[in-house]
Amino acid sequence: MFNDIGGLELIALVVLAVLIFGPDKLPKVIQDVSSFIRKIRAFSESAKQDIREELGPEFKDFEFEDLNPKKFVRKQLDQHGDDLGIDEIRNGFNLKKEMAEVTDAVNSREGESPSSSGGTKTSLTKSAETSLTKGPDLEKKPAQDERPPFDADAT
């Protein structure tokens, strides 16, 4: 509950509590707070038990921590192991390979005529027919000491 409170912060809280309640009343306040926390825990446990009883015998193994989505998914994946094929799905996504295939497809269709691309045109073939360069001046590579041409549309 208080995992992120450091030692210095804890000492500051104790000093503040002594200043507010005084050394006479501080033990009584601590006792009252701890009994209040015990009552809340007991109430919570009885409510959980009542819910389990109302759900019936088929939910006797039900844990309220399973309602946390992360824990629920982790538990389901641990139960099923690799039956779901998650490793195959994860390994099936090779983004570099996919991008290389798309680049090859765009480059190979760029040189083809529109009549050779087939009867139906998809968005991929339509974008492959358009030129990716601005003009013939941009197709040549600049010399080593020459700066590339400025493209006003790119800025």
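The values are calculated or read from the model by the stated rules, or taken from the named source; none is laboratory data. From a predicted model like this one, the values you see are computed outputs, not experimental measurements. Positions of Cβ are backbone-derived with ideal geometry, glycine not excepted, and every protein chain shown enters the neighbour counts. Please note that ligands, DNA and RNA were not included when accessible areas were found on the heavy atoms of the full protein model with its side chains. Shrake-Rupley method; radii C 1.70, N 1.55, O 1.52, S 1.80 Å.
Tabulated values for the structure
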quantity: Meets criteria (open to solvent by less than 90 Å² (accessible area, probe 1.4 Å), closer than 30 Å to Q76 by Cβ and either part of a helix (DSSP H, G or I) or of a type outside the set (S, T, N, Q) (or both)) for R52; calculated: yes
quantity: Sole residue being open to solvent by 100 Å² or more (accessible area, probe 1.4 Å) and out of contact with any Ser or Thr (no Cβ under 8 Å at 6 or more places or on another chain), chosen from K25, K75; calculated: K25
